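Have a look at the structure below before the remarks.
Read the figures in this text as sums done on the coordinates, not as results from a lab. Everything numeric in this text was worked out from a predicted model, so none of it was measured. Counting neighbours? That spans all protein chains shown, and the Cβs are built from the backbone with ideal geometry, glycine included.
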Amino acid sequence: MVTAGTTEKRHYFVGDDRLDYLQASLLECAREFGWTLYAWVVFPNHYHFLGQSPEDPRTLSKLVRKLHATTAVKINRLDAAPGRRVWYQYWDSRISFEKSYLARLNYIHQNAVRHGMVRFAGDYKWSSAKIFFGTAPRALQRTLDGFADLPRLVDDF
């Protein structure tokens, strides 16, 4: 699982066009570096994703470095702010237990609800939640309902 935030939690990706761009860039970088994403959500000042690495998990730093560099350059060009630091840092966790995976899957999908962006997770456009709720077996969806309070991750964006 990866979480990344903007410098000083500033909202650089406000608006549909910028969120569309950030989401598309995340998905493209994941594809380029061979990562399979199981869940993602992007916001004006941070994002989360849960994925499986290719054979070499060290590609994560390359993925994040490219994502942050390309999105920062474009946002800075749009804002006429060349050289401004957009991204602060990222945190990653290796998930090795099924319960941890399910908890984080639910956490990411429910994150837009948690932040008050939407009432139902599937209504947030910049997330994998709509896909998940439209395709995942109902039994899996019910299982995730049991993880409402887990995990207690730092997410003070």
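Annotations
- Here the Karplus relation 6.51 cos²θ - 1.76 cosθ + 1.60, evaluated at θ = phi - 60°, turns the backbone of segment 81-86 into coupling constants of 10, x, x, 5, 7, 9 Hz, with x for every Gly and Pro.
- Residue by residue, segment 40-49 carries 3J(HN,Hα) couplings of 7, 7, 10, 10, x, 9, 6, 8, 9, 8 Hz when phi is fed to the Karplus relation 6.51 cos²θ - 1.76 cosθ + 1.60 (θ = phi - 60°); x denotes Gly or Pro.
- Fewest-first ranking of ARG104, ARG18, using other Cβ atoms within 10 Å as the exposure measure: ARG18, ARG104
- P(r) weight above 23 Å for segment 5-157, C-alpha pairs, percent: 37 percent
- Dividing the summed -39500 (n - 2.57) terms of all DSSP H runs of n ≥ 4 by the residue count of the chain sets its mean residue ellipticity at 222 nm at -14000 deg cm²/dmol.
- Overall Cα dimensions of segment 71-151, principal axis frame, Å, largest first: 49, 29, 21
- Net charge, VAL14 excluded, C-beta distance under 13 Å - Lys, Arg +1, Asp, Glu -1: -1
- Volume per residue for segment 16-77 equals 73 cubic angstrom (convex hull of Cα atoms).
- Extension gain from ALA139 to ASP16, taking 0.36 nm per residue of separation minus the Cα-Cα distance: 41.0 nm
- Length added when fully stretched, ALA24-LEU37, from 0.36 nm per residue minus Cα-Cα: 3.4 nm
- Signed unit charges on C-beta, dipole axis of segment 2-145, positive-most listed residue ASN76, ILE108, TRP35: ASN76
- Length-normalised contact order of the chain in % [C-alpha pairs under 8 Å, at least 6 apart]: 28 percent
- Cβ crowding within 10 Å ranks THR59, THR36, THR71 as THR36, THR59, THR71, fewest other Cβ atoms first.
- Label-to-label distance, nm, for residues given as VAL118 and GLU55 (7 Å Cα→Cβ offset): 3.8 nm
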